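These notes are about the structure you will find just below.
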Amino acid sequence: MPAIPLAEVPGWIGRDLGSTDWILVDQDRIDQFARATGDHQWIHVDPERAAAGPYGATIAHGYLTLSLANLFLPQLLSIPDAGRGVNYGVDRARFPAVVRVRSRVRGRGSVVAAEPSGSGVHVVVRVTIEIEGSDRPACVVDTISRFYPS
C-alpha cells in the first residue's frame, strides 16, 4: 500500500492502489452480520436449506460484502499526514457475483477522483471486492471520503 501525502492524492487519479490480503467469509461472520442487521433469510443462515438452494451453500449478505469495503479501504490507501478522514458516502454499489460461505475475498482499489474540499481533499476510491478463483467480483463500489490535514 502506498503512503500518499494529502497534497499528492489528486495525482493518483486512475492509479491502482493494489490489493489487500485475502480474508475468509465463514458462517460465523455471516451469522454475526445477520444478528447485527436482523436479516435472517435462510439463504444466509440455514446451511441445510441453502445446500438445496440455488447456490449449493449459504451466501454472504450483499450488504455484508459491501461493508467489507470499510475493512479494506484503510488497507488500500494510507495518507499519513491526514489528521482525520471521514466517510462521506458511496456511489454505484454493484453486486456482480455472490459470495458463497467459506470463500476468500480481498479488496482492490483505485483512485477515481480527488479534489480540494475546504481545507481537505474529497477522494473517491473504487473498491472492487474480488472472490478468490472467480472472474467476477462480489462487489464494486465507489467509496467517498474526505481527508483533512493534521
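Would you give the gap between the C-alpha center of the stretch 3-34 and the C-alpha center of the stretch 52-68, rounded to a whole Å?
19 Å
Tell me the relative contact order for the stretch 31-146 as a rounded percent, counting alpha carbon contacts under 8 Å between residues six or more apart.
25 percent
Going by alpha carbons, how many degrees (0 to 90, nearest 10) lie between the helix axis of 27-37 and the longest principal axis of the chain?
70 degrees
Go ahead and set up a Gaussian network model of the chain, Cα springs under 10 Å, then flag whichever of A69, A36, A97 fluctuates most.
A36
Do any chymotrypsin sites (Phe, Trp or Tyr not before Pro) in the stretch 22-54 lie in a loop, going by DSSP, with at most 15 other beta-carbon atoms within 10 Å of their beta carbon, and if so which? Walk me through the numbers before you get to the answer.
Details: sites: W22, F33, W42; in loops: W22.
Qualifying residues, ordered by number: W22.
What ranking of I4, I23 emerges when the number of other C-beta atoms within 10 Å of each C-beta is taken as an exposure proxy, fewest first?
I23, I4
None of the figures in this text is laboratory data; all of them are computed from the coordinates on show. If you're wondering where the values come from, they're calculated on a predicted model, not measured in any experiment. Glycine gets a Cβ as well: all are built from the backbone with ideal geometry, and neighbour counts include every protein chain shown.
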